[in-house]
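The values are calculated or read from the model by the stated rules, or taken from the named source; none is laboratory data. Being a predicted model, the structure only gives us computed values, none of them experimental. Counting neighbours? That spans all protein chains shown, and the Cβs are built from the backbone with ideal geometry, glycine included. Surface accessibility is based on the protein's heavy atoms, side chains included, excluding ligands, DNA and RNA. Shrake-Rupley method; radii C 1.70, N 1.55, O 1.52, S 1.80 Å.
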Amino acid sequence: MKKLLILFVSVLLLVGCKATIDDKECSTGFHLDGDLCVEDVHQAGTFNSSDDILDLVNSFLDRQNLIGRHLGWNFMFEDDVATDAEGGAPAQDEKGSDDYSETNNQVEGVDEMDNVLTDGKYIYVQNYNKIQVILAFTIESGYDVLDVVKEITFEDLAGENEYFYFNGMYVDNDRLIVVGNSYHHECTTYYEDKEEEPTSTNETGDVSDDVTDEYYQECQYYEYHTSTHIFEYSKDDFELQNKYELSGYFVGSRKIGNDLYFVTSEWIPFYLAQREDFDFTIDNYLPSYVVNETEVSLTYEDILYVEGTEPTSFTSFYGINLDTNEVSTEVVLGEGGYNLYVSTENIYLTGTKWNYNMDVMLEIEEAEANDEEVEITENPYEITTSIVKIGILDGKVNFVANGEVPGVALDQFAMDEKDGNIRIVTTTSNWWWWGTTNEINNRLMILDEELNIISTLENIGKEGESVQSTRFVGNYAYVVTFLRTDPFYVFDLSDPLNPLKVSELEIPGFSDYLQPIGEDYMLGIGYGDNEGGTQGLKISLYDVSDKTNAVVASEIVYPYADNNYIWTSTVYNHKDLLVSQSKGIIALPYTENDYSSDYRYWSYKTGVLVLNLDIENGTISERGRVEHSEENEYGTYVYKSKFISDYLYTISSKFVMVSTILEPETVLGQVQIGESYPIELPDEVEPGEVDPVDPDAECLDGEINEDGECVSGTGTGSDLYPLFETFIHINAWDDLLNQADAEYLVYFYNQSSENCQSIEEQIFEFGNRSDLTILYFVDMNNIEGSDLLVDAIPALVKIADGVIVEEYIGSSDILDYIESINQ
């Protein structure tokens, strides 16, 4: 593989400088500019001016437009891609416990953000539009202290920003750190002042008086700007100590010790450069950061380009030393990336790379110049995964290397670093427009420190199977693929130059998420049944003590056939899972929708499912459930669970409940932290009132005839779409862009689509999260009109001020987005 030799520079210009503080010392590689330590120049960049970037962008987009004119655009999009606790709270200076659960991180020593945290004394919860600090346990008073002691509202955090969205929190011995996103837009109006106001006439020809001031605020062009905000609070009094603002939309973050690392992305609307009536400049989008009130802007010389990536956004890497407030930066002109893996030494960000077949491109260009038709028999380009490697140390970031691999990595767990090598699992499918076969190649590759591929295992899984989950533990990789059954593979990577498959286990269903439990067991959470299908939540404990003979030690299946549609958010958000060998438990949020065919009635339950984990005997079993829903109220969303000492705390949008780990169903105390709302469901009826059985009955839309009775379902293995009726549906294309003044989402689905069915449970639960955003539904079978707004389904579209600002196509992209929102 050709290696790109690209170097960085980080020349930072200070804006709004204050007087120099003579006795302040900066770290090596930083110099004092005003009262802020600013990073020195340390590498050479790619660009010198905005014209250099515009030339590159135009060249890249010209190639894509050329292909689009001759081959069409559809082929470019694919689906793969109760009573409160008794007693008042004592003084908060009492000591908490050192025995508590931490975030379920991927890499030991590398903290990931979460929406619920504990430090053994307090529980920190992001709940709707606020951060709540709950005094949960002290050694002197136990759980009787349960009470809300501090609230931080999003209004407090938003400041002058138009919109603020929560991303996550960190907590350590000294600090609470809250992270969020804001965005605002600049509007170029049609009319600059009222002297140019238009007039309209009514049917009689008289001038109408219905032209309002709002008319003059109609925007002709929008420029959107996003920022990532970090708020550092002292745990002594929960007062704000420092705040940072980073340009760009939040992509990912990690915390190592007292150092924070962030990746952001800012989309650049290059199409505005083509408008003669708009004064467009890239200067408005150059990355910058603010430490408290001091702003630092980067220059064009700070930016590098990775050849082949789409150059339509700035992707910035930031390192923040919380002890010194020093900020280190590296910037890439390219897409924001879709998977982030961070070890204790490096950041790896994957994105999409376009490798053009220049012979084919030349053939197309010549045909267009001669106004001739061209028959393309070769692939005009190959899409691969780019990898950018950034070294990290003591809050500093430094470009190391970039490389590429074939295929697409499923998620962050598809990557792992060991002994300087990066291991990655990807899937390649036959994506091009004339393809008629479902050619899938799952690969496991090992790359060296310079991101050169040194070994590859091809064609993992049986024909047609794609990767569902991956986990690396030491010298071994565990991979699950799926089509009709669940092959569970074990690979020995002890020799990086010669990786070997050492075990293969085939069972019904599949695991969407794998969690190592020591070195001898692997927990799998996904879907399956006993007949080879996926009709039920399945939790499996794999015994991998003998790497050459992996077996299922124990499993639990909750079949849909029992009319209890149960699912868990842990299939796509690993941080919702609590596993403790020392406590002998597994705990995970659950949502259960029961349907009674006798009573024709849906019921809704949500809470935390607690399982026994017996490693000595290799078994799992249900211990109990802590239910948080009341009287069928859909508005209660369960976040996760934490333990402190011998107590289990379960946290939802309405309650924090405490019970013992041994007897989780016996609630000892609770504090209400929010409200829920009821959903109107059909009234219960007596069995005698049910319509008589008719084997020839014609059923309504959303129902099927089973044994002469109309029951909810589609006949395609999915029985949840009738639940979508509880949400607001848009039924006409003209209404799509005019649903709300604020930002909102629209979900497009089709009941007969297997891809839509595969994520229906997650979308249903996501739709109940009113704290996240406004969500509307579109059933493609019922929509009026023909002006398609999306290229494929399922799709999730974000709309703001009547403009589509983000689009997620396919189940993988949608679930990744949902996970980022839930963080």
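Against the definition (open to solvent by 10 Å² or more (accessible area, probe 1.4 Å) and within 30 Å of Lys418 (Cβ to Cβ)), how does Tyr271 come out, yes or no?
Against the criterion (open to solvent by 10 Å² or more (accessible area, probe 1.4 Å) and within 30 Å of Lys418 (Cβ to Cβ)), Tyr271 does not qualify.
Restricting attention to the stretch 559-585, and to residues there that are among the aliphatic types (A, V, I, L, M) and out of contact with any Ser or Thr (no Cβ under 8 Å at 6 or more places or on another chain), which single residue is farthest from His628 (Cα to Cα)? Write out each step before concluding.
Of all residues in the stretch 559-585, those among the aliphatic types (A, V, I, L, M) come to 561, 566, 571, 577-579, 585.
Within this subset, residues satisfying the condition of being out of contact with any Ser or Thr (no Cβ under 8 Å at 6 or more places or on another chain) are 561, 571, 579, 585.
On the way: Ala561: 25, Val571: 20, Val579: 20, Ile585: 19 Å.
Step by step, filter the stretch 559-585, then rank; the result is Ala561.
In the stretch 373-396, of all residues being at pLDDT below 90 and open to solvent by 70 Å² or more (accessible area, probe 1.4 Å), the one that is farthest from Glu307 (Cα to Cα) corresponds to Glu373.
Here Asn398 passes the criteria (1) farther than 24 Å from Ile347 by Cα; (2) in contact with a Phe, Trp or Tyr (Cβ under 8 Å, 6 or more places away or on another chain) except the one numbered (1). For the stretch 476-511, the tally of residues that are under 16 Å from Asn442 (Cβ atoms), among the charged types (D, E, K, R), open to solvent by 20 Å² or more (accessible area, probe 1.4 Å) and touching a Ser or Thr at 6+ places or on another chain (Cβ under 9 Å) stands at 1. Restricting the first member to the stretch 329-342 and to residues that are under 24 Å from Arg471 (Cα atoms), and the second to residues that are assigned to a loop (DSSP other than H, G, I, E, B), the beta-carbon pairs closer than 6 Å and six or more apart or on different chains are Val342/Val110.
Give the residue, chosen from Arg69, Arg63, that is open to solvent by 60 Å² or more (accessible area, probe 1.4 Å), in contact with a strand residue (DSSP E or B) (Cβ under 9 Å, 6 or more places away or on another chain) and either at pLDDT 70 or above or of a type outside the set (A, V, I, L, M) (or both).
On the way: Arg69 fails: in contact with a strand residue (DSSP E or B) (Cβ under 9 Å, 6 or more places away or on another chain).
That would be Arg63, the only listed residue that is open to solvent by 60 Å² or more (accessible area, probe 1.4 Å), in contact with a strand residue (DSSP E or B) (Cβ under 9 Å, 6 or more places away or on another chain) and either at pLDDT 70 or above or of a type outside the set (A, V, I, L, M) (or both).
Any residue at all in the stretch 401-415 that is at pLDDT 75 or above and more than 26 Å from the chain's Cα centre (by Cα)? Lay out the reasoning, then the answer.
Step one: of the stretch 401-415, the residues at pLDDT 75 or above are 401-415.
Filter again for more than 26 Å from the chain's Cα centre (by Cα), leaving none.
Checked the stretch 401-415: no residue is at pLDDT 75 or above and more than 26 Å from the chain's Cα centre (by Cα).
Only residues that are assigned to a loop (DSSP other than H, G, I, E, B) and touching a His at 6+ places or on another chain (Cβ under 9 Å) were counted in the stretch 329-377, giving 3.
Against the numbered list (1) surrounded by 14 or more Cβ atoms within 10 Å (Cβ to Cβ); (2) at pLDDT 75 or above; (3) under 30 Å from Val397 (Cα atoms), Glu25 comes up short only at (1). Is the stretch 361-372 home to any residue that is under 24 Å from Thr226 (Cβ atoms), among the aliphatic types (A, V, I, L, M) and surrounded by 17 or more Cβ atoms within 10 Å (Cβ to Cβ)? Looking for residues that are under 24 Å from Thr226 (Cβ atoms), among the aliphatic types (A, V, I, L, M) and surrounded by 17 or more Cβ atoms within 10 Å (Cβ to Cβ), one finds none in the stretch 361-372, hence no. Criterion first (open to solvent by less than 10 Å² (accessible area, probe 1.4 Å), modelled with pLDDT of 95 or more and farther than 21 Å from Tyr128 by Cα) does Ile644 satisfy it? Criteria met by Ile644. Within the stretch 159-174, the set of residues being open to solvent by 40 Å² or more (accessible area, probe 1.4 Å) and not in a loop (DSSP other than H, G, I, E, B) comprises Tyr163, Tyr165. Among the conditions (1) over 25 Å from Gly635 (Cα atoms); (2) assigned to a loop (DSSP other than H, G, I, E, B); (3) modelled with pLDDT under 75, the only one that Leu772 does not satisfy is (1).
Quick one: would you say Gly109 is modelled with pLDDT under 55, surrounded by fewer than 17 Cβ atoms within 10 Å (Cβ to Cβ) and on the phi > 0 side of the Ramachandran plot?
Working: modelled with pLDDT under 55: no; surrounded by fewer than 17 Cβ atoms within 10 Å (Cβ to Cβ): yes; on the phi > 0 side of the Ramachandran plot: yes.
Against the criterion (modelled with pLDDT under 55, surrounded by fewer than 17 Cβ atoms within 10 Å (Cβ to Cβ) and on the phi > 0 side of the Ramachandran plot), Gly109 does not qualify.
With respect to the conditions (1) closer than 21 Å to Gln412 by Cβ; (2) open to solvent by 30 Å² or more (accessible area, probe 1.4 Å); (3) among the hydrophobic types (A, V, I, L, M, F, W, C), Ile525 lacks only one, and its number is (2). Looking only at the stretch 557-586, count every residue that is modelled with pLDDT of 95 or more, assigned to a strand (DSSP E or B) and touching a Lys or Arg at 6+ places or on another chain (Cβ under 8 Å) and tell me the total. The number of residues fulfilling the criteria is 2.
Of the listed requirements (1) modelled with pLDDT of 95 or more; (2) open to solvent by less than 40 Å² (accessible area, probe 1.4 Å); (3) hydrophobic (A, V, I, L, M, F, W, C); (4) in a strand (DSSP E or B), Leu451 misses just one: (4). Highlighted here are the strands (runs of 3 or more DSSP E) found entirely within the stretch 118-158 that include at least 2 residues which are open to solvent by 20 Å² or more (accessible area, probe 1.4 Å): 147-153. Is one or more of the residues making up the stretch 597-613 farther than 23 Å from Phe655 by Cα, modelled with pLDDT under 95, open to solvent by 40 Å² or more (accessible area, probe 1.4 Å) and assigned to a strand (DSSP E or B)? Yes, because at least one residue in the stretch 597-613 is farther than 23 Å from Phe655 by Cα, modelled with pLDDT under 95, open to solvent by 40 Å² or more (accessible area, probe 1.4 Å) and assigned to a strand (DSSP E or B).
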